[in-house]
């Protein structure tokens, strides 16, 4: 949580949901100053700790007296955006390490574990199975090289879903809203959506009393027509394995329910369910 005493605001800033714009504004208005961020690898998030409540009772006081704010976007659009930024377009050492971790997790889960099972079932064929294992591993690495060692969206999901909200596979860029901002326990005054961001940011700025003095930034804003989301969901979710969709349902369905996003419509759009037909993924 980020606390801005001068504005009397308490915000849960969610990565991939205009958090850079909001954090930069809060830092500036709190008199902290906002450095010039010269490239995509630097941002106000480096200074986010400045706004975290630290004194005893400070957070509870803010919960009772401040305007409490959070912003959301379509949960799967946010997840896809995280994949594109942190995996597809990775050009920083830490992000390249994420790619390596994803590949390593895939090799362990889908190649090594299968080999171990085969070794156990056929102990008299270990030499043959060992050759098969190394051949499959080599084929997988060659296939990854053909796509410039960029993990697929399916591999990315296999990695993050294996952690079940814990460990290295989960971080704030894709942790569900219900886990990160605890909306069932925090009585938010404003829950804005990026899909209606123009109006929602104006409303918040008016509520904070800064509309006439502070511009509404959207430093990393992704302004796309609503129809573009359908294409992204179809392209990314359509090829997914059914078990992955089931895991996404378990982890992210609460976000769809709480914030008014249509889970079933997304299933129909991606082809995992047929329109107006019963579906066990619903």
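The values are calculated or read from the model by the stated rules, or taken from the named source; none is laboratory data. Predicted, not measured: the structure shown is a model, and the values here were computed from it. Note that we place each Cβ from the backbone using ideal geometry, even for glycine, and neighbour counts take in every protein chain shown.
Taking the criterion of being within 19 Å of the chain's Cα centre (by Cα) and either part of a helix (DSSP H, G or I) or assigned by TED's automatic domain parsing to the domain that holds residue 192 (or both), the residues of the range 251-266 that qualify are 251, 252, 253, 254, 255, 256, 257, 258, 259, 263, 266. Whether a residue is within 20 Å of the chain's Cα centre (by Cα) and assigned to a helix (DSSP H, G or I) was assessed, and residue 129 does not pass this test. Remark: residue 58 falls outside the filter, which requires a residue to be in contact with a strand residue (DSSP E or B) (Cβ under 6 Å, 6 or more places away or on another chain), more than 23 Å from residue 176 (Cβ to Cβ) and either modelled with pLDDT of 80 or more or surrounded by fewer than 21 Cβ atoms within 10 Å (Cβ to Cβ) (or both). Would the range 188-202 turn up any residue that is modelled with pLDDT of 90 or more, in contact with a strand residue (DSSP E or B) (Cβ under 9 Å, 6 or more places away or on another chain), part of a loop (DSSP other than H, G, I, E, B) and loosely packed, with under 12 Cβ neighbours inside 10 Å? There is no residue in the range 188-202 that is modelled with pLDDT of 90 or more, in contact with a strand residue (DSSP E or B) (Cβ under 9 Å, 6 or more places away or on another chain), part of a loop (DSSP other than H, G, I, E, B) and loosely packed, with under 12 Cβ neighbours inside 10 Å. Closer than 30 Å to residue 10 by Cα, touching a residue at least 40 places away in the same chain (Cβ under 8 Å), buried (at least 16 other Cβ atoms within 10 Å of the Cβ) and in contact with a strand residue (DSSP E or B) (Cβ under 7 Å, 6 or more places away or on another chain) - does that describe any residue in the range 260-271? Checked the range 260-271: no residue is closer than 30 Å to residue 10 by Cα, touching a residue at least 40 places away in the same chain (Cβ under 8 Å), buried (at least 16 other Cβ atoms within 10 Å of the Cβ) and in contact with a strand residue (DSSP E or B) (Cβ under 7 Å, 6 or more places away or on another chain).
Any chance the range 223-233 includes a residue that's under 29 Å from residue 31 (Cβ atoms), surrounded by fewer than 14 Cβ atoms within 10 Å (Cβ to Cβ) and at pLDDT below 95? No, the range 223-233 has no match at all.
This table checks each residue for (1) surrounded by fewer than 17 Cβ atoms within 10 Å (Cβ to Cβ); (2) in the same structural domain as residue 20 (by TED's automatic domain parsing); (3) part of a helix (DSSP H, G or I).
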{"residue": "62", "(1), (2), (3)": "no, yes, yes"}
{"residue": "98", "(1), (2), (3)": "no, no, yes"}
{"residue": "105", "(1), (2), (3)": "no, no, yes"}
{"residue": "125", "(1), (2), (3)": "yes, no, yes"}
{"residue": "140", "(1), (2), (3)": "yes, no, yes"}
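The residues on offer are 75, 44, and the sole one that is surrounded by 21 or more Cβ atoms within 10 Å (Cβ to Cβ) and modelled with pLDDT of 90 or more is 75.
Against the criterion of being surrounded by 14 or more Cβ atoms within 10 Å (Cβ to Cβ), at pLDDT 90 or above and either outside the structural domain of residue 26 (by TED's automatic domain parsing) or touching a helix residue (DSSP H, G or I) at 6+ places or on another chain (Cβ under 8 Å) (or both), residue 248 qualifies. Applying the criterion of being in a helix (DSSP H, G or I) and more than 19 Å from the chain's Cα centre (by Cα) to the residues of the range 64-96, the residue that is farthest from residue 190 (Cα to Cα) is 93.
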